[in-house]
Amino acid sequence: MLTIGRIDYANVTPLFHALQEHFPCAGYRFTGGVPAHLNALLAAAEIDVCPSSSIEYATHSERYLILPDLSISSVGPVASVLLFSRVPVEELDGREILLSAESATSVNLLRILLSKRFGHSCRYTVSSGPLTEALRTSPAMLLIGDAALRSALSETGLHIYDLGSLWYEWTGLPFAFALWFCTRSAARERYQEVRVLAEQLVLAKGYAERERELIAEASPEAAWMGREGLIKYWRENISYELGPAQQEGLRLFYRYAAELGLIPVAPDLHFFE
């Protein structure tokens, strides 16, 4: 039985809904969690396949193979990876930035943007406290996923920077926040099962795009985002593609991360065949 990690965020709801609605999933066991938790489970081989932080692949590329044609990415604004700041981003040089404990890729993207795009040298501290309380002691905090979406709906008077927008405006490339990948042991020992899942996920991607309205009606996130807001988020901000442009953006992200010492080396992209 394949064990599949499931990110507990609205950005991946359509794909999992489509997978479970249109394909037999009795042979799969799903394990939920935030990206940082699922990264740890994947690294320990406690799950076989997962939409996981793209930085996790870069850190341990020898352990994984990327499932083709799948990502969680954005071409411009992503809406759910946001820096909330009491001051303009240009004034953050030398300041302490608080980081979400749930994130892996986004915290490194923020470091790259602040260092290479804005020329800042900042201090970074992981925090799990609420945004309002955190900003009493630090000028800015990064939130991701549903926490970012919720805070953007309620916070006023703050500068809010979308990291997908900051990256796209700077590079002209999409940004892949997460990739679908499997452990190399699963690829060897459960090749046929992984192959079938990979094919199902690509088909589910099409169902998810065509059935947004139906999926929104059944999604708990609609209770706080609103049905139309949820559909708009999926349609305008979230992409599941991993084409040439996404791959080029991913390679550039890895190159910058390696230059800043955030990863040992920029890895090649090795795909599950």
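The values are calculated or read from the model by the stated rules, or taken from the named source; none is laboratory data. From a predicted model like this one, the values you see are computed outputs, not experimental measurements. Note: ideal-geometry Cβ built from the backbone for every residue, glycine included; neighbour counts use all protein chains shown.
When you go through Phe181, Phe175 one by one, which is the residue that is modelled with pLDDT of 95 or more and surrounded by 19 or more Cβ atoms within 10 Å (Cβ to Cβ)?
Step by step, each of Phe181, Phe175 is checked, and only Phe175 is modelled with pLDDT of 95 or more and surrounded by 19 or more Cβ atoms within 10 Å (Cβ to Cβ).
Which of the residues spanning the range 251-260 are crowded, with 21+ Cβ neighbours inside 10 Å and either out of contact with any helix residue (DSSP H, G or I) (no Cβ under 6 Å at 6 or more places or on another chain) or small (Gly, Ala, Ser) (or both)?
Phe253, Ala257, listed by residue number.
Val265: of a type in the set (Val, Ile, Thr), more than 19 Å from Ser74 (Cβ to Cβ) and not in a loop (DSSP other than H, G, I, E, B), yes or no?
Against the criterion (of a type in the set (Val, Ile, Thr), more than 19 Å from Ser74 (Cβ to Cβ) and not in a loop (DSSP other than H, G, I, E, B)), Val265 does not qualify.
State which residue is farthest from Lys205 (Cα to Cα) when the search covers only the range 74-102 and only residues that are in contact with a Leu (Cβ under 7 Å, 6 or more places away or on another chain), buried (at least 22 other Cβ atoms within 10 Å of the Cβ) and not aliphatic (A, V, I, L, M).
Taking the candidates together, the pick is Phe84.
So which of Glu193, Glu217 ends up being over 18 Å from the mean Cα position of the chain (by Cα), among the acidic types (Asp, Glu) and surrounded by fewer than 16 Cβ atoms within 10 Å (Cβ to Cβ)? Break it down stepwise before answering.
Numbers: Glu193 fails: surrounded by fewer than 16 Cβ atoms within 10 Å (Cβ to Cβ).
Testing whether each residue is over 18 Å from the mean Cα position of the chain (by Cα), among the acidic types (Asp, Glu) and surrounded by fewer than 16 Cβ atoms within 10 Å (Cβ to Cβ) leaves just Glu217.
So which residues in the range 94-136 are of a type in the set (Ser, Thr, Tyr), within 26 Å of Leu252 (Cβ to Cβ) and in a loop (DSSP other than H, G, I, E, B)?
Once the filter is applied, which keeps residues that are of a type in the set (Ser, Thr, Tyr), within 26 Å of Leu252 (Cβ to Cβ) and in a loop (DSSP other than H, G, I, E, B), the range 94-136 yields Ser103, Ser121.
What residue, of Ile263, Ile231, Ile238, is surrounded by 14 or more Cβ atoms within 10 Å (Cβ to Cβ), more than 16 Å from the chain's Cα centre (by Cα) and closer than 27 Å to Val202 by Cβ?
Ile231
What is the one condition in (1) within 17 Å of the chain's Cα centre (by Cα); (2) within 24 Å of Gly27 (Cα to Cα); (3) at pLDDT 95 or above that Tyr168 does not satisfy?
(2)
Taking Ala176 as meeting all but one of (1) touching a Gly at 6+ places or on another chain (Cβ under 9 Å); (2) of a type outside the set (S, T, N, Q); (3) not in a strand (DSSP E or B), write down the number of the exception.
Tallying (1) touching a Gly at 6+ places or on another chain (Cβ under 9 Å); (2) of a type outside the set (S, T, N, Q); (3) not in a strand (DSSP E or B), Ala176 fails exactly one: (3).
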